[in-house]
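S.K.: Please see the structure below; I have some questions.
The values are calculated or read from the model by the stated rules, or taken from the named source; none is laboratory data. Remember, it's a predicted structure, so these values are computed and weren't measured experimentally. Heads up, the Cβs are rebuilt from the backbone with ideal geometry, glycines too, and the neighbour counts pull from every protein chain shown. With ligands, DNA and RNA removed, areas are computed over all heavy atoms of the protein, side chains included. Shrake-Rupley method; radii C 1.70, N 1.55, O 1.52, S 1.80 Å.
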Amino acid sequence: MNRYSYKKLSVILMSIAVLGSALTGCGTSSKVSAGPSSTNTASVSSKQLVFYSAQGYDDAMAKAFQAKTGIKVNLVDMSTGPLAAKIEAEKSNSHWDVAWFDGDATMQALDNEGLLMQGWAPKDASNLTQLGQSLVPADKAYYPTGVTAAAAIGVNSKLLPRSEYPKDWNDLLKPTFKNALAMNNPSVSGPTFPYVAGILNLMGDAQGKQFFASLKDNGMKVGETNDVEIKSLLNGQVKAVTIQDSALVAAKADGNPIDIIYPSSGVFTLPGVIAVNKNAPNAEAAKQFVEFVLSPEGQKVMLDPKNGGGDSYFNPIITGVEGSSVRQSDGINWLKVDPVKSAQDENDIKKWFNDAIIH
C-alpha cells in the first residue's frame, strides 16, 4: 500500500475528537464489562483482554467471547474520536489489546503511526466476501467486520410520492427538494466525512464541490446528528435526508414512514474495522477475539438489535452470514473510499465544507 507523509496523528485526529456519539454505535463512557465467567479454566483464568471499542454491540460481544473462551474482557467503551486520541496518547505505554470502531480512515491513521500489528491474517479471513476482501489493507493491519453506507437517501413516504423519489445523487438538486433536504456536518458527524469525500471522488473534486454548493443554493439544511435529521424528516421539516443507512434502517424498523434509496451511481463504504495492538499485552487473546468477531457465531451476536440497537443493521461481509431482513442487501453499488487518501485530505475537506457550505 502506498504511504504518504502525515502530520502527527494527534493533529489528524483533532478534528474528529469532537465527534462524541455521532458515529453509529459510539458510547460515551468508559466501563469494565464482562466480569468473571463460570466457564473459566485454570489454563485461561490468568488471561485478560483489554478491549477498546466504539460499537453498540461491544458489551454483548465481550460477554459472549468471555463465555466461550473463559478469557476475562475489560471493555473500554468510548466514542471514536476520543478513543483514537486515547490510543495515540498511550502509544509509549499502551494498555489495550484490540480496538474496534467504524471508519477505516481513522484506523489507517493509527496504522501510519506504526501502532497496529501488521501481516497477521485471521484463520477464516478467506470467508470475507469480495467486498470484505477489498476493504483489507495491503499490510493486513486491520480487518472489516461489517459495512454500512456512509450515506443513503431517506425519504418520508407520507410526504413524497413514489414518482418523485430520487434515483441518484443529482436528483436532489431538483425543485422537489428545495428547502426540503438535510444532511450532517462532516466535522461533527463521523459517517458524513466519507460521504463528502466519496462524492468528491465520484464526481471529481471541482464538480463534487459544485454539487454541494448547488445543494446549499437549493436550501439544504446542515445538522449534526442522525437523530436530529430523522426527527426533521418525520416531522415534515424536510422531505429527504442523506445520512448513514443503518440509522435509516433502524428508524424504518421502528415502523416509521421511511423509504431508503441507494443512488444508482453508488454509495460509499463505512466499514467497522478491528485491529490488534502492535505491542498488545495479550496478543493471542486479541487474535482470538478478532477471529470470534469474524465468525458466524460472533456475527450472530452483532446482528441482534437487542445487543447493538441501530448498529446491528449493518451489511455483513462474511460469506454465508445474512443481515437483517429489514435492510436491502442486493442491488447496492458499493464504492470504496480510499482510507489513505481520506486520512491525507480530511482536514482540508472539512475546512472547505465549513467555509463554503455551512457559512
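S.K.: Before we move on, is ASN333 assigned by the TED database to the domain that holds LYS209 and among the polar types (S, T, N, Q)?
M.R.: Criteria not met by ASN333.
S.K.: Do we find that VAL147 is more than 21 Å from the chain's Cα centre (by Cα), closer than 22 Å to ALA250 by Cα and buried (at least 20 other Cβ atoms within 10 Å of the Cβ) in this structure?
M.R.: No.
S.K.: Condition (residue is in a helix (DSSP H, G or I), within 25 Å of ASN333 (Cβ to Cβ) and not β-branched (Val, Ile, Thr)) applied to region 258-274: is it met by at least one residue?
M.R.: No: region 258-274 contains no residue that is in a helix (DSSP H, G or I), within 25 Å of ASN333 (Cβ to Cβ) and not β-branched (Val, Ile, Thr).
S.K.: Counting just the residues of region 329-353 that are of a type outside the set (D, E, K, R) and outside any helix (DSSP H, G or I), which one comes out farthest from the chain's Cα centre (by Cα)?
M.R.: GLY331
S.K.: Let me ask another. Quickly run through region 96-121 and pick out the residues that are small (Gly, Ala, Ser), surrounded by fewer than 24 Cβ atoms within 10 Å (Cβ to Cβ) and out of contact with any Asp or Glu (no Cβ under 7 Å at 6 or more places or on another chain).
M.R.: Of everything in region 96-121, those that are small (Gly, Ala, Ser), surrounded by fewer than 24 Cβ atoms within 10 Å (Cβ to Cβ) and out of contact with any Asp or Glu (no Cβ under 7 Å at 6 or more places or on another chain) turn out to be GLY114, ALA121.
S.K.: Sort out which residues of region 168-179 are farther than 13 Å from VAL267 by Cβ and either surrounded by 23 or more Cβ atoms within 10 Å (Cβ to Cβ) or not β-branched (Val, Ile, Thr) (or both), and write them in order of number.
M.R.: ASN170, ASP171, LEU172, LEU173, LYS174, PRO175, PHE177, LYS178, ASN179 - these are the residues of region 168-179 that are farther than 13 Å from VAL267 by Cβ and either surrounded by 23 or more Cβ atoms within 10 Å (Cβ to Cβ) or not β-branched (Val, Ile, Thr) (or both).
S.K.: Quick check on this structure: which one of VAL290, VAL321, VAL301 is more than 23 Å from GLY223 (Cα to Cα), modelled with pLDDT of 95 or more and surrounded by fewer than 20 Cβ atoms within 10 Å (Cβ to Cβ)?
M.R.: VAL321
S.K.: Right, another one. So, in region 217-241, how many residues would count as being among the small types (Gly, Ala, Ser) and assigned to a strand (DSSP E or B)?
M.R.: Of the residues in that region, 2 qualify.
S.K.: Of everything in region 180-204 that's open to solvent by 20 Å² or more (accessible area, probe 1.4 Å) and hydrophobic (A, V, I, L, M, F, W, C), which residue is modelled with the lowest pLDDT?
M.R.: VAL188
S.K.: Go through (1) closer than 30 Å to TRP96 by Cα; (2) small (Gly, Ala, Ser); (3) open to solvent by 20 Å² or more (accessible area, probe 1.4 Å) for SER265 and report which single condition fails.
M.R.: Here SER265 meets the rest and fails (1).
S.K.: Let me ask something else about it. It is to be established whether one or more residues within region 131-139 are under 29 Å from PHE212 (Cβ atoms), open to solvent by less than 10 Å² (accessible area, probe 1.4 Å), within 20 Å of the chain's Cα centre (by Cα) and not assigned by the TED database to the domain that holds THR319.
M.R.: Looking for residues that are under 29 Å from PHE212 (Cβ atoms), open to solvent by less than 10 Å² (accessible area, probe 1.4 Å), within 20 Å of the chain's Cα centre (by Cα) and not assigned by the TED database to the domain that holds THR319, one finds none in region 131-139, hence no.
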